[in-house]
Amino acid sequence: MSPIRPENRHRYPADWNAISLRIRTTRAAGRCECLGECGRGTHSGRCPNVNGQPAYGTGSRVVLTVAHLDHTPENCDETNLRAMCQGCHLHYDRDHHRQTAAATRRAAIEAAGQLALDA
């Protein structure tokens, strides 16, 4: 099953599971396609992690995911998709996650009738 949040599911195409499977298995052959764009600085060249195998450095089981390079789930162009192990994907998305979390918190405060004071 996909780790897509229910509130974001509508942003993905109906055939997302098939698209993701094709990217991870056919194009990437089960291996992380990150070439360092994740920013971890832990690998030079292509990440060595392989789906289902122990991850380098941690030994945890690798789960291969598919990242949208522009963080836009509606954009499923092949050039915008990259098979990434969970470590590379989380690091790649870290700044985007921080921004969306801040926006979500602000919206919740405003919806509750609270006004945030800008410094």
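The values are calculated or read from the model by the stated rules, or taken from the named source; none is laboratory data. For clarity, every value in this text was computed on a predicted model and none was experimentally measured. Cβ sites come from the backbone with ideal geometry, for glycine too, and all protein chains shown count toward neighbours. These accessible areas exclude ligands, DNA and RNA; they are computed on the full protein's heavy atoms, side chains included. Shrake-Rupley method; radii C 1.70, N 1.55, O 1.52, S 1.80 Å.
Note that region 1-53 presents 65 Å² accessible area per residue, ligands and nucleic acids not counted, probe 1.4 Å. Spread over its residues, the convex hull of the C-alpha atoms of region 3-92 is 94 Å³ per residue.
Among the protein heavy atoms, those of His71 account for about 50 Å² of accessible surface (1.4 Å probe, every chain in place). Taking other residues whose beta carbon is less than 15 angstrom from the beta carbon of Ala28, and scoring Lys, Arg as +1 and Asp, Glu as -1, yields +3.
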